[in-house]
Amino acid sequence: MGNEQRAAKSSLKEAQLLASAISSTVKSDFKGEFKIFESNLTARVENAENAIMSAARTKDAIIAGVITMRRQLDKAQRKFSRNNNSDELKEVLLDIAEGVSRLKIANQKVAESLSFVSKPTHTAVGLVEKFTLSMQVNSAGWESDARNLDANLFELSNDSSPSEMDDLQNYIATQGYDVLIAGDDRSSKGIRIAKEKLGIQSSSTDESE
């Protein structure tokens, strides 16, 4: 294996290690941020579920209480229509009013508990935006490493000719071998043709003659 192959192989090994490191970093950063995102999103749903189910149970109890009080009122009204005893009807009405007041307080507590769901510290959309922003911040580091990898590969893709080949051509050009190749035809044209055969670039003077 020649020097160029050994050097290229060594540099490519470095590029492979850098690529592996970038992949590992991206994977680690994504895994960490996703774990936080997933945990917060799950908590968002679970907290909302607890509040919603508790509110639903309270609303069922409120509805049941209202139905019971309506029955009491209907019963009191029928009784009043029979005996015209307003004191009994007043007592029932005051009891119902007190009961409705208690139900309103309970309903207010339901509204307060549900405000936690409708106005949370972090909405699902907010959590997604936070996760996306974190990925963008991390990606700055990924891009920096990726640029280093590209620079490494760009350097390895140098398409310039080997200096040894240039040195050889320069040596041939300075030794006057074009005259040897030209043989008996030492004219400008003959010399130019000889130089072309040797791969020597003709000067502007030679081309004009």
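The values are calculated or read from the model by the stated rules, or taken from the named source; none is laboratory data. Just so it is clear, the structure is predicted and the values come from calculations on it, not from any experiment. Glycine also receives a Cβ, built like all others from the backbone with ideal geometry; neighbour counts cover every protein chain displayed.
Based on what the data block shows, is Ala51 out of contact with any Phe, Trp or Tyr (no Cβ under 7 Å at 6 or more places or on another chain) and either at pLDDT 90 or above or surrounded by 15 or more Cβ atoms within 10 Å (Cβ to Cβ) (or both)? Give the steps one after another, and end with the answer.
Details: out of contact with any Phe, Trp or Tyr (no Cβ under 7 Å at 6 or more places or on another chain): no; either at pLDDT 90 or above or surrounded by 15 or more Cβ atoms within 10 Å (Cβ to Cβ) (or both): yes.
Here the answer is no, as Ala51 does not meet what is asked.
If only one of Glu164, Glu155, Glu129, Glu143 is at pLDDT 85 or above, within 30 Å of Ala15 (Cα to Cα), outside any loop (DSSP other than H, G, I, E, B) and not aromatic (Phe, Trp, Tyr), which one is it? First the steps, then the outcome.
Details: Glu164 fails: at pLDDT 85 or above; Glu155 fails: at pLDDT 85 or above; Glu129 fails: within 30 Å of Ala15 (Cα to Cα).
When all the criteria are applied, what remains is Glu143.
Could you list, in sequence order, all residues of segment 151-200 that are hydrophobic (A, V, I, L, M, F, W, C) and under 60 Å from the mean Cα position of the chain (by Cα)? So that I can check it myself, show each step before the final result.
Step one: of segment 151-200, the residues hydrophobic (A, V, I, L, M, F, W, C) are 151, 153-154, 156, 165, 168, 172-173, 179-182, 191, 193-194, 198, 200.
Passing the criteria: Ala151, Leu153, Phe154, Leu156, Met165, Leu168, Ile172, Ala173, Leu198, Ile200.
Would you point out the residue of segment 72-120, among those that are outside any helix (DSSP H, G or I) and more than 60 Å from the chain's Cα centre (by Cα), that is farthest from Ala51 (Cα to Cα)?
To start, the set of residues in segment 72-120 that are outside any helix (DSSP H, G or I) comprises 84-85, 119-120.
Subsequent filtering for residues that are more than 60 Å from the chain's Cα centre (by Cα) retains 84-85.
Values: Asn84: 47, Asn85: 45 Å.
Per the criteria, the residue is Asn84.
Here are some residues: Asn148, Asn85. Which one is among the polar types (S, T, N, Q), surrounded by 11 or more Cβ atoms within 10 Å (Cβ to Cβ) and within 30 Å of Gln5 (Cβ to Cβ)?
Working: Asn85 fails: within 30 Å of Gln5 (Cβ to Cβ).
Among Asn148, Asn85, only Asn148 is among the polar types (S, T, N, Q), surrounded by 11 or more Cβ atoms within 10 Å (Cβ to Cβ) and within 30 Å of Gln5 (Cβ to Cβ).
Could you please find all residues in segment 173-187 being at pLDDT 80 or above and among the β-branched types (Val, Ile, Thr)?
Matches in segment 173-187: Val179, Ile181.
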